[in-house]
Amino acid sequence: MRTPIVAGNWKMNKTINEARELVTAMKNDLAQLAATGQVEIVLCPPFLAIPAVAALVQGTPIQVGAQNVFWETKGAFTGEVSPAMVRELCEYVIIGHSERRQYFGETDESVNKKVRAALAQQLKPIVCVGENLQQNEAGQTQAVVSTQVRGAFRDLTRDQARGIVIAYEPVWAIGTGKAASGVVANTIIESAIRRTLAELYDESTAQTIRVQYGGSVNAKNVTEFFAQPNIDGALVGGASLVAADFIAICQAAVKCNDGRRMTDDGRRTTDDGRRMTDD
Ligand code: PEP
């Protein structure tokens with residue numbers, strides 16, 4: 001079974017003091033939820049707030065992620081941050097978010113370079129893929145998403161691939177309040193993402209890699225996504241800036257995962273699907 005992962009992408013929001021306030025308001029609840037082992041919880045603040053957030057969650061199972069990273073290890077790259085620098089304080093890094101593709105010219109090629117550089121430093125990438133509105137309306141969703149997955153995973157071994165989280169984020173759903181339907185997102189993940197991963201690697205790898213949904217997830221609609229068999233958590237933007245909402249989303253992940261672990265006859269299973277008690 002894939003453990004769901006909920007990551008809060010704070011984008012360019014929160015000063016250091018505001019970040020401290022937000023984490024302080026959520027920390028105990030999130031730590032308890034993460035301690036169940038039923039959900040991984042990752043906070044992705046802006047770079048400057050990462051040290052403060054990392055200090056506050058130290059000793060808890062809450063993890064920290066960056067929102068971007070450069071692919072070079074060091075040198076004359078003004079304004080950039082290397083994977084080794086990020087790794088000092090973070091476990092995860094978001095790579096190829098649609099806002100970075102749209103506003104900062106990131107391409108499948110640069111995403112792949114960043115993914116490889118992050119993996120080389122034992123950083124876990126959360127790779128974002130998703131079609132824009134025009135592509136969606138032109139019926140190109142599957143092709144676009146599949147191409148993005150192929151680009152991001154280019155030249156990666158099976159073991160490397162297994163360490164990556166994918167966030168399926170239809171661009172038209174990000175920050176718009178118009179989420180995709182759970183059923184449709186599940187279908188795209190199955191038919192475009194997992195199928196592509198199976199073609200690149202094998203079926204077992206395709207079933208091992210976790211795929212989040214992202215795009216206007218909130219405390220009210222989240223269960224619709226977590227109830228889907230191919231969706232393993234969420235990448236959350238706006239709602240991750242409101243303590244009560246982000247806690248509710250993580251609570252929903254635990255609840256849905258608990259449901260998934262029940263066998264048909266109501267007995268609980270272990271992480272790999274074996275029954276915890278014999279007949
Ligand atoms: C995101 O930032 O990746 C995102 C999905 O934002 P929002 O939840 O606000 O749509």
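The values are calculated or read from the model by the stated rules, or taken from the named source; none is laboratory data. Just so it is clear, the structure is predicted and the values come from calculations on it, not from any experiment. No Cβ is skipped: glycine too gets one built from the backbone with ideal geometry, and neighbour counts run over all protein chains shown.
Here are the numbers for the structure shown:
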item	result
Members of region 166-203 that are among the β-branched types (Val, Ile, Thr) and either in contact with a helix residue (DSSP H, G or I) (Cβ under 8 Å, 6 or more places away or on another chain) or over 21 Å from Asn221 (Cβ atoms) (or both)	Ile166, Val171, Ile174, Ile188, Ile193, Thr196
Contacts under 6 angstrom Cβ, first residue in region 247-266 being modelled with pLDDT under 95, partner assigned to a helix (DSSP H, G or I), 6 or more apart	Cys256/Phe226
Residue within region 19-26 that is more than 19 Å from Pro125 (Cα to Cα), without any contact (Cβ under 8 Å) to a residue 40 or more places away in the chain and buried (at least 18 other Cβ atoms within 10 Å of the Cβ) present	yes
Region 62-75 residues that are assigned to a strand (DSSP E or B), paired with ones that are surrounded by fewer than 20 Cβ atoms within 10 Å (Cβ to Cβ) (beta carbon under 6 Å, 6 or more apart)	Gln63/Glu91; Val64/Ala54
Scan of region 217-229 for residues that are over 13 Å from the mean Cα position of the chain (by Cα), closer than 28 Å to Ala161 by Cβ and within 12 Å of the ligand (Cβ to nearest atom), ordered by number	Val222, Phe225
Sole exception among (1) out of contact with any Leu (no Cβ under 7 Å at 6 or more places or on another chain); (2) within 22 Å of Ile174 (Cα to Cα); (3) not hydroxyl-bearing (Ser, Thr, Tyr) for Ile41, by number	(1)
Checking Ile189 against (1) under 15 Å from Val236 (Cβ atoms); (2) of a type in the set (A, V, I, L, M, F, W, C); (3) out of contact with any Asp or Glu (no Cβ under 8 Å at 6 or more places or on another chain), the condition it does not meet	(1)
Qualifying residue in region 164-179 (condition: charged (D, E, K, R), away from the ligand (no atom under 16 Å from the Cβ) and surrounded by 15 or more Cβ atoms within 10 Å (Cβ to Cβ))	no
The listed residue being aliphatic (A, V, I, L, M), over 19 Å from Cys44 (Cβ atoms), at pLDDT 95 or above and within 16 Å of the ligand (Cβ to nearest atom), out of Ala234, Ala206, Ala185	Ala185
